[in-house]
Amino acid sequence: MKLRGFVSGILCSVFFLCIGAHAMILSSPLDYQVFQRSNKSSGSFVIAGQLSEPALELTKIQVKLGPRQPAQSDKRVLTLGVVQKGESHFNFKVRHFSGGWHRLDVRAVAGEKIVGQAVVEHFGIGEVFVIAGQSNSANYGEEKQKINIQKVSTFDGKAWRIADDPQPGASGRGGSFIPPFANELVKKFNVPVGIVSTGVGATSVREWLPEGERFPNPPTIMNKVVSHPQGGWMSKGEVYRNLISRVQFLGRYGFRAVLWHQGESDANQKDESRTLSGKLYEDYLGKLIKATRKDLNWECPWFVAQASYHTPEDPGSEDIRSAQRALWKSGLALEGPDTDSLTGKNRDHDGKGVHFSGKGLRAHGRAWADKVEPWLSQELQEKKALVFVLAGQSNMQGQGVVSMDHEKYYNAG
C-alpha cells in the first residue's frame, strides 16, 4: 500500500505539472539550428512560433538570450513585441547577434501571468554549407567520421543534430568528408558550423537538372529521367526539387555556399552512349547553378570540385575535368579541390574502389577546407560589422525586428 501511494503521488505530481504547464510551440530556432552570420562578428536569427491557443488579451513575447556558458549568461529579459487578442502566431527577427552557441528562453506574458514558455538549449550563429553531388559528397565512405567538438550540426529537412556520420538527408549509410571539413572550419573560425547534406549516390548532373530540362543521351541509371516525346531525354526534377526545398528552409542568404562534388557518373561510362561530353557537362552544371540562384532569389556561391575518378585503371576524365575548370574560369563557380588526386590508400577496398577510405575522407575534408578557408576569410574581411541600438516594438500582428546593442551579443569572432 505504501508503494501504491508513493506511485500515485508521483503520477499526481506529473499530472499537475502537465496541466499547470503552458504550452508554446517554437518553429524557430530549432535545437542545434545554425543561422548564417552576415559578417565576422554577428548575424540574424528568427524567433517564431505560436501559442497553444489564441491570446485572450494582449500578450507580450519576452526572451532571455545568452551564450551557452552559464557564467556569461545575460539576465535581462527583453520584450520582442506583442501578440494581439485573438491571435496566436508570432515572428520576430533578431539582428546583429554574436557568433557562437546560445541558449534561448521564450515566454508569453498576459498581464502578470505567464501563458506560454519554451526553451532552446542550443542554437548557433556561424557558417552554413550546402553539400550536393553524388556518392562522394554523401555517405559512402569506408569509415564513419565524427566531429571533434560539439560545434557542428546537420539538418535533415525537419530537425538539426550533431553532425556525426552518416549525414541525414544524403544517401548512403557510411562515412563522409563532412565532419573532417567542418572540424577544420571550427578550428579556423571558432564559430558553429551547420551542414545541409543533399548528395545522391550514382547521380549524373543530368538528374540534378530542373524538371523538363532535355538532353540527348541518358545517364547509366535511368530512374530519375524519362524519354521526351519529341526525342531525347529529360529530367524528372526529383533531385532538384529536394535540393531547393531543403535550402529554402534556410531563407534568403541563409547559407555561405554550395559545395559540389560530382562527375564520376558522367565520365567514362562502360556504355559509351551514356558518357556525357565535357561541353554538355559544363552546360548542364551551369544551368543547375543558374536555376538555383533564380529559384532562391540570390547569387549563392557554388564551389565545384575536380571529380571524375573511378579506379586506378580509370583515374579520371580530362574532358569532365576541363569542363569543371571552365566553370571556374567563367566566374560561374569557385574552385573546389582536385579529389581525383586522392588515390592509393585514400580509396576504399585497399585502393581499388571509387569511394574514400577513412584516410581518404579526412584528406578530402582537409582539401575542401583548404579551398574554402581563404575565400571565407576574404569574404569576412569585406563585410564589416554594423551595430545598431535596440529597436522598438513589433507591429500589430506579432511580427517585428529587434537589433541587439549589448556587447555580449556582438563580440564573438
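Please treat every number below as a calculation from the coordinates, not as lab data. From a predicted model like this one, the values you see are computed outputs, not experimental measurements. Using ideal geometry, Cβ is built from the backbone for each residue, glycine included, and neighbour counts are taken over all protein chains shown.
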Item to check | Tilt relative to the chain, helix 358-382 - C-alpha long axis, 0 to 90 degrees, to 10 | outcome: 70 degrees
Next on the checklist: Are there any trypsin sites (Lys or Arg not before Pro) in the stretch 201-265 that are in a DSSP loop and have at most 12 other Cβ atoms within 10 Å? List them by number.
Outcome noted: R252
Next on the checklist: Taking amide H atoms as placed 1.01 Å from N in the peptide plane, list the residues 5 or more away in sequence, or in a different chain, whose amide H sits under 5 Å from that of Q33.
Outcome noted: G124
Checklist entry - Taking neighbour Cβ counts within 10 Å as the exposure measure, how do D266, D295, D348 sort from fewest upward? => result D295, D348, D266
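What share of the DSSP beta bridges in the chain is antiparallel, in percent to the nearest 5?
Antiparallel: roughly 60 percent of the beta bridges in the chain.
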Checklist entry - Where is the GNM fluctuation largest for the chain (alpha-carbon springs, 10 angstrom cutoff): I131, I47, I25? => result I25
Checklist entry - Which entry in (i) -0.40; (ii) -0.35; (iii) -0.29 is this structure's computed log10 I(q)/I(0) by the Debye sum over Cα atoms at q = 0.07 Å⁻¹? => result (i)
Item to check | Angle in degrees between helix 318-329 and the longest Cα principal axis of the chain, rounded to the nearest 10 | outcome: 50 degrees
Checklist entry - When the Karplus curve 6.51 cos²θ - 1.76 cosθ + 1.60 is applied with θ = phi - 60°, which whole-Hz ³J(HN,Hα) does each residue of the stretch 48-55 get, with x for Gly and Pro? => result 9, x, 8, 6, 5, 8, x, 5
Checklist entry - Using Cα atoms only, what is the angle between the long axis of helix 278-296 and the major principal axis of the chain, expressed in degrees (0 to 90) to the nearest 10? => result 10 degrees
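Net charge near N148, counting Lys/Arg +1 and Asp/Glu -1 over other residues with Cβ under 11 Å of its Cβ?
Cβ neighbours under 11 Å give a net charge of +1.
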Item to check | Residues whose placed amide H lies under 5 Å from that of N268, excluding near-sequence neighbours | outcome: L276
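Magnitude of the Cβ-charge dipole of the stretch 126-382, K/R +1 and D/E -1, about the Cα centre, nearest 20 debye?
Using only the charged Cβ atoms, the result is roughly 600 debye.
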Checklist entry - Counting only residues 5 or more places away or on other chains, whose amide H sits under 5 Å from the amide H of I221 once H atoms are built in the peptide plane? => result none
